[in-house]
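First up is the structure itself, then whatever we jot down about it.
The values are calculated or read from the model by the stated rules, or taken from the named source; none is laboratory data. From a predicted model like this one, the values you see are computed outputs, not experimental measurements. Glycine gets a Cβ as well: all are built from the backbone with ideal geometry, and neighbour counts include every protein chain shown. Each accessible area value is taken on the protein alone, full model and side chains, heavy atoms only, with ligands, DNA and RNA left out. Shrake-Rupley method; radii C 1.70, N 1.55, O 1.52, S 1.80 Å.
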Amino acid sequence: MLPISKVPSLEPPSKAAKNPELPLLNRKNSLNFLQPYLSFFHLRTWLLLSVLLLQIFLLLSARSRSIFFSSSISHPKEQLPPSFPTTAITVGAASIASAQSPQLRDGAINDTDNIRCPYGKVYVYNLPPIFNSELLENCEDLSPWTSGCDALSNNGFGKPANGISGLVPENIQDAWYWTDQFALEVIHHNRMMNYRCRSLEPESATAYYIPFYAGLAVGRYLWSANYTAKDRDRDCEMMLEWVRNQPYWNRSGGWDHFISMGRITWDFRRSKGPDWGSSCIYMPLMRNITRLLIERNPWDYFDIGVPYPTGFHPRSAADITSWQNFIRTRQRNTLYCFAGATRGFIKDDFRGLLLSQCYNDSGSCRVVDCAKSKCSNGTSAILETFLDSKFCLQPRGDSFTRRSIFDCMVAGSIPVFFWRRTAYLQYEWFLPGEPESYSVFINRNEVKNGTTSIKRVLENISEENINMMREKVIKNIPKIIYSKPNEGLEGIEDAFDVALEGVLKRVKEQEGGGYKW
C-alpha cells in the first residue's frame, strides 16, 4: 500500500471542541453599581484615566506588531511545511528544485496574487518517489539500448551542446543543450516547483498538478517482449489509486487536476491487451484529468498539445533578443531543406518521396539524412541546415507530429506542412492563429501524383511575404521554448507559462459547467 499524503481536514472543528459560552450579563442592570460615582468631577476623572490607558495600550500594541512582522520576514523558511525542502533535491541524473521565494510561501490570496496569478494557483502533489525521483535514480534502466542519464541531466535539458562553436553567437552558446524530445515531464516538474503561481496550501489552489513521469515509466516496457500489458499499466494504476485517496480529488472528481505526459498520446491509449503502449488514458480515473502531451488526440477535450522540448533554453530575456536578432539577419542561401529518414515499413512512404525529391534538386534543397546520423536530440548539422534554409519540410513522423517542427522554427526557418494534424490541430495555444501567417501548407496527394511541385510553390512566394512569415516565426519563439531558470523569465511567457495559464483558465471555465465525465 502506497503512503497517502497527510492533508489537514477540510471539516471545521466540532462544537464540542469549543469552550462553552459564558453566561450573558444583564445589560440593563450592568451599570447600576456606577451610578453613585457619576458626578461631574468623577466623570471627568474617569475620562482622563481612560484616555491615558488607551495611549499606553496603543504604544504596546504597535511595538508587538513591529516585532512580529520583523520576525516573519527574517525567518521565511519557518513557514514552509516539512515536505517542501528549501533547497534543490538532487535525484540521480536530475534535480527537482524546490526553493520558494517568500511571497510564494503564503497560501493567502492578496492583491499581488490577483495581479500575478489572475486565474488562481497550482498545488503540487508530493507523490511517493516511486512515481518520479526513483525513475531518475534508475535512469540506466529507462531504455534497453542506452543509458537515459545524460538525456535527463541538467533538470531535463540534457548535456550542454558541443560542436556549435561558430554556429551560434558566443554569448548564448551556454543556452544550448542536446535535449531529449521525451524530457517534458522532468522539465515541467522542475519549473512547477518554482512556479510563481504555486500554492503550498492545497485548500487555496485552483488546480492540482500530479508530478508522475508517465512517459519514463511506460518507456521501460515498450521495447521488449518480456513485458506484458499489465507491466505497462501498473505504474499508472498505482498513481491513480494514490491520488483518488486525496481529499482534493474527491472534491472535484479530478476535473481540476492535470498531468504532464512526455510521450505522444497514442503511447497511453492501448485498447487491446497485446497492443502497443499502456491504457493509462483509458482508465476511468483519468477521464477528467487534463493531460499536457507533445502530441494530442484532437478529438479529446482533455488532451492538450504542448511543444516538444528543443535545444534552446534561454537564461534571460537578453538571450532571446540576441537569438532573434541573429536569426533575423542570417543569410539563407538554400530555398528549402528536409531533415529525416525514410520509413521503409510504410507503404508509399511520403518521407522517402521527399528525400528523393530533395536529392534530385540539390541546387535548391538541402538534406540531413537521419538514417546515417543521430537526429533524435538534435545535431549541429540539423541546426546549421535550418539556419541556412528559408523553408523546412515537415511531413508527419512516426505519428502526426515531430520534434523537428520546433527545431525548424527556433532556427527561424518557415515550416512547410502536408498534414493539418501535424501542427494546426495540435498546438493552438502556442502557434499563431492564422496558419498562413507563419507556414505553408501543400496537399501531400498533389505532391504524390506529381501535379504539385514543392520547389515551384516555394519559389512563387515573394521575398516580401517570406520576410513577413519569418518575422512571425521569430516573434513567436518565446512561446515554443522552455527557459532555463526554474522560476522562468521575468516579463516573458515561455511554453511552460502558456501551458499553465491555459490549464488554469480551463479549470475556471469547467467550474461553470464544462466537459465532465
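Taking the conditions exactly as written (in contact (Cβ under 8 Å) with a residue 24 or more places away in the chain, within 30 Å of Ser153 (Cβ to Cβ) and in contact with a helix residue (DSSP H, G or I) (Cβ under 8 Å, 6 or more places away or on another chain)), does Ile264 satisfy them or not?
It is false that Ile264 is in contact (Cβ under 8 Å) with a residue 24 or more places away in the chain, within 30 Å of Ser153 (Cβ to Cβ) and in contact with a helix residue (DSSP H, G or I) (Cβ under 8 Å, 6 or more places away or on another chain).
List the residue pairs whose Cβ atoms are under 9 Å apart, where the first residue sits in region 272-286 and is within 11 Å of Ala229 (Cβ to Cβ), the second is surrounded by 12 or more Cβ atoms within 10 Å (Cβ to Cβ) and of a type in the set (Phe, Trp, Tyr), and the two are 6 or more positions apart or on different chains.
So the pair list comes out as Trp276/Trp266; Gly277/Trp266; Gly277/Phe268; Ser278/Tyr221; Ser278/Phe268; Ser279/Phe268.
Among the residues in region 301-308, are any among the hydroxyl-bearing types (Ser, Thr, Tyr), more than 22 Å from Trp242 (Cβ to Cβ) and surrounded by 19 or more Cβ atoms within 10 Å (Cβ to Cβ)?
Scanning region 301-308 turns up at least one residue that is among the hydroxyl-bearing types (Ser, Thr, Tyr), more than 22 Å from Trp242 (Cβ to Cβ) and surrounded by 19 or more Cβ atoms within 10 Å (Cβ to Cβ).
Going through region 309-334 one residue at a time, which ones are more than 22 Å from Glu463 (Cα to Cα), surrounded by fewer than 19 Cβ atoms within 10 Å (Cβ to Cβ) and of a type outside the set (A, V, I, L, M, F, W, C)?
Correct list: Arg315, Ser316, Thr321, Ser322.
Would region 417-424 turn up any residue that is open to solvent by 40 Å² or more (accessible area, probe 1.4 Å), closer than 19 Å to Leu393 by Cβ and within 22 Å of the chain's Cα centre (by Cα)?
Yes: region 417-424 contains one or more residues that are open to solvent by 40 Å² or more (accessible area, probe 1.4 Å), closer than 19 Å to Leu393 by Cβ and within 22 Å of the chain's Cα centre (by Cα).
Identify all residues within region 251-266 that are polar (S, T, N, Q) and either closer than 20 Å to Val186 by Cβ or outside any helix (DSSP H, G or I) (or both); write none if there are none.
Within region 251-266, Ser260, Thr265 meet the criteria.
So which residues in region 486-506 are out of contact with any helix residue (DSSP H, G or I) (no Cβ under 9 Å at 6 or more places or on another chain) and not small (Gly, Ala, Ser)?
Glu501, Val503, Leu504, Lys505, Arg506
Give the residue that is nearest to Asn325 (Cα to Cα), with candidates limited to residues of region 379-403 that are in contact with a Leu (Cβ under 9 Å, 6 or more places away or on another chain) and part of a helix (DSSP H, G or I).
Step by step, filter region 379-403, then rank; the result is Leu387.
Considering only residues that are out of contact with any helix residue (DSSP H, G or I) (no Cβ under 7 Å at 6 or more places or on another chain) and farther than 21 Å from Arg269 by Cβ, which ones fall in region 215-252?
Of everything in region 215-252, those that are out of contact with any helix residue (DSSP H, G or I) (no Cβ under 7 Å at 6 or more places or on another chain) and farther than 21 Å from Arg269 by Cβ turn out to be Asn226, Trp242, Asn245, Gln246, Pro247, Asn250, Arg251, Ser252.
Is one or more of the residues making up region 296-314 assigned to a loop (DSSP other than H, G, I, E, B), charged (D, E, K, R) and closer than 21 Å to Thr422 by Cβ?
Within region 296-314 (the criterion being assigned to a loop (DSSP other than H, G, I, E, B), charged (D, E, K, R) and closer than 21 Å to Thr422 by Cβ), the answer is yes, since at least one residue qualifies.
Run down Lys508, Lys448 and say which single residue is charged (D, E, K, R), under 28 Å from Ser260 (Cα atoms) and open to solvent by 50 Å² or more (accessible area, probe 1.4 Å).
Going through Lys508, Lys448 in turn, just one is charged (D, E, K, R), under 28 Å from Ser260 (Cα atoms) and open to solvent by 50 Å² or more (accessible area, probe 1.4 Å): Lys508.
Scan region 451-496 for residues that are surrounded by 15 or more Cβ atoms within 10 Å (Cβ to Cβ) and of a type in the set (Asp, Glu) and jot them down.
Glu471, Glu487, Glu493, Asp494
Can you name every residue in region 267-295 that is basic (Lys, Arg), open to solvent by 20 Å² or more (accessible area, probe 1.4 Å) and not in a loop (DSSP other than H, G, I, E, B)?
Those that are basic (Lys, Arg), open to solvent by 20 Å² or more (accessible area, probe 1.4 Å) and not in a loop (DSSP other than H, G, I, E, B): none in region 267-295.
Given the criteria open to solvent by less than 10 Å² (accessible area, probe 1.4 Å) and touching a residue at least 60 places away in the same chain (Cβ under 8 Å), does Ser413 qualify?
When the stated conditions are applied, Ser413 passes them.
Being under 28 Å from the mean Cα position of the chain (by Cα) and acidic (Asp, Glu) is the filter here; which residues of region 430-464 pass it?
Glu434, Glu436
Considering region 467-493 alone, what residues qualify as being modelled with pLDDT under 95 and acidic (Asp, Glu)?
Result: Glu487, Glu490.
Looking only at region 117-144, how many residues end up being within 25 Å of Trp176 (Cα to Cα), open to solvent by 30 Å² or more (accessible area, probe 1.4 Å) and in a loop (DSSP other than H, G, I, E, B)?
Matching residues across region 117-144 total 1.
Select from region 162-202 the residues that are part of a strand (DSSP E or B) and farther than 22 Å from Gly215 by Cα and list them in ascending order.
Correct list: Ser165, Val168, Trp176, Arg198, Ser199.
Just wondering, is there one or more residues in region 237-250 that are closer than 16 Å to Val507 by Cβ, modelled with pLDDT under 95 and either within 20 Å of the chain's Cα centre (by Cα) or assigned to a helix (DSSP H, G or I) (or both)?
Yes, that holds for at least one residue.
Among the residues of region 461-479, which ones are in contact (Cβ under 8 Å) with a residue 40 or more places away in the chain and among the charged types (D, E, K, R)?
Those that are in contact (Cβ under 8 Å) with a residue 40 or more places away in the chain and among the charged types (D, E, K, R): Arg470, Glu471, Lys472, Lys475, Lys479.
Gly412: outside any strand (DSSP E or B), under 19 Å from Pro478 (Cβ atoms) and out of contact with any strand residue (DSSP E or B) (no Cβ under 9 Å at 6 or more places or on another chain), yes or no?
The answer is yes for Gly412.
Counting just the residues of region 139-163 that are of a type in the set (A, V, I, L, M) and out of contact with any Phe, Trp or Tyr (no Cβ under 6 Å at 6 or more places or on another chain), which one comes out farthest from Thr321 (Cα to Cα)?
Restricting to residues being of a type in the set (A, V, I, L, M) and out of contact with any Phe, Trp or Tyr (no Cβ under 6 Å at 6 or more places or on another chain), the top hit is Leu142.
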